[in-house]
1. Inspect region 72-81 for any residue being over 17 Å from the mean Cα position of the chain (by Cα), farther than 20 Å from Glu189 by Cβ and at pLDDT below 95 and give the result as yes or no.
2. So for region 187-202 (the condition being within 24 Å of Arg272 (Cβ to Cβ), modelled with pLDDT under 95, of a type outside the set (Ser, Thr, Tyr) and in contact with a helix residue (DSSP H, G or I) (Cβ under 6 Å, 6 or more places away or on another chain)), does at least one residue qualify?
3. State all residues of region 150-176 that are of a type in the set (D, E, K, R), part of a loop (DSSP other than H, G, I, E, B) and in contact with a Lys or Arg (Cβ under 9 Å, 6 or more places away or on another chain); if no residue qualifies, say none.
4. Is it fair to say Asp87 is assigned to a loop (DSSP other than H, G, I, E, B), touching a helix residue (DSSP H, G or I) at 6+ places or on another chain (Cβ under 9 Å), surrounded by fewer than 23 Cβ atoms within 10 Å (Cβ to Cβ) and in contact (Cβ under 8 Å) with a residue 12 or more places away in the chain?
5. Being modelled with pLDDT of 90 or more and either more than 21 Å from the chain's Cα centre (by Cα) or of a type in the set (Gly, Ala, Ser) (or both) is the filter; apply it to region 1-44 and report the residue that is farthest from Thr239 (Cα to Cα).
6. For region 71-96, which positions are under 20 Å from Leu137 (Cβ atoms) and in contact with a Leu (Cβ under 8 Å, 6 or more places away or on another chain)?
Amino acid sequence: MRWIKRVGLPLGLRLGTFTQHAPRPLRCDQAPPTTSPSHDGPTISIVTPSFNQGYFLGQTIRSVLDQHYPKLQYYIQDACSTDTSLDVLRKYEDRLTGWVSEPDNGQADAINRGFAKTSGQVMAWLNSDDRLLPGSLEAVARCFEKRSEIDVVYGHRVIVDAQGYEVGRWVTPQHRRGAMIWADYVPQETMFWRRSLWDRVGGRVNDKLQFSMDWDLVARFEQAGARFYRIPRFIGVFTTHPSQKSIATKESIGRHEFEQIRSQYAGRGLRRLGYRLQNYTHLARSIGYYWGYRSGLLRY
């Protein structure tokens, strides 16, 4: 993987890289326009697990509520925060489906607790320092309505720093089955799935994992034969900052969990080599999409 990045970065390889350029203002108006939210679309259940993220939590909540999607269930699962989080939650509680502040056994457990209190046909979780871009829920709902064969959808990602300035973008290629068993390039904050699929794979994220429960869920979806679709649109905003888990625990916890997932789902020998080749092909294709976007040939 390291030599792929050394060769690929000068050519435009951006998947897996969180800081790509100097900070600049984020332009949310670049999201393509959507029609008015549909009242006959699927109910979408979103859970936000949170612990001491009061600095970011308000903008996360607003990014969901300001979608004005009429069939939304939005639940916040807080883990006894001691900062300003509870004040933020009280401010928005009349617009939320519900919230609770109680002890849990980590992020994955909080996600499971939150989802147990929802019933929507489409599901997603949004971490308390991330955001949705305008029009995203309507775009997701219409995709599920029009493509009844699709089980999972996701889109492109914008990356911002702690002050909200843009520092990068992931322009993801069309989904390639098998590539995600070797490495996870599905931007978690952009991923939505049908509850029927969730129930089929056990109805829980793996609460034994602290870092990569989203990748494990993607791998389980793939193993269950789920049909993925990458929406050609920027859907979510990922925040990178020193205390963000993807930065703070990548070496101490993340790499061990990565190898655990690869061993479980990709196996060893020739089968694992095949998944690795799928991954390299996916990365190579991402360079073409990056340059297509930069040149204006691809508009999102």
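1. no
2. Taking every residue of region 187-202 in turn, none turns out to be within 24 Å of Arg272 (Cβ to Cβ), modelled with pLDDT under 95, of a type outside the set (Ser, Thr, Tyr) and in contact with a helix residue (DSSP H, G or I) (Cβ under 6 Å, 6 or more places away or on another chain).
3. Across region 150-176, the qualifying residues are Asp151, Arg176.
4. When the stated conditions are applied, Asp87 does not pass them.
5. Only one residue fits best here, namely Gly41.
6. Matches in region 71-96: Leu72, Tyr74, Tyr75, Ile76, Tyr92, Arg95, Leu96.
Matching residues to (1) assigned to a helix (DSSP H, G or I); (2) among the aliphatic types (A, V, I, L, M); (3) in contact with a helix residue (DSSP H, G or I) (Cβ under 6 Å, 6 or more places away or on another chain); (4) surrounded by fewer than 16 Cβ atoms within 10 Å (Cβ to Cβ):
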site: Tyr69; (1), (2), (3), (4): no, no, yes, no
site: Cys80; (1), (2), (3), (4): no, no, no, yes
site: Glu93; (1), (2), (3), (4): yes, no, no, yes
site: Trp99; (1), (2), (3), (4): no, no, yes, no
site: Pro103; (1), (2), (3), (4): no, no, no, yes
site: Asp129; (1), (2), (3), (4): no, no, yes, no
site: Leu137; (1), (2), (3), (4): yes, yes, no, no
site: Ser148; (1), (2), (3), (4): no, no, no, yes
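The values are calculated or read from the model by the stated rules, or taken from the named source; none is laboratory data. Nothing here was measured: the structure is a model prediction, and the numbers come from that model. Ideal geometry is used to build each Cβ from the backbone, glycine not excepted, and the neighbour counts take in all protein chains shown.
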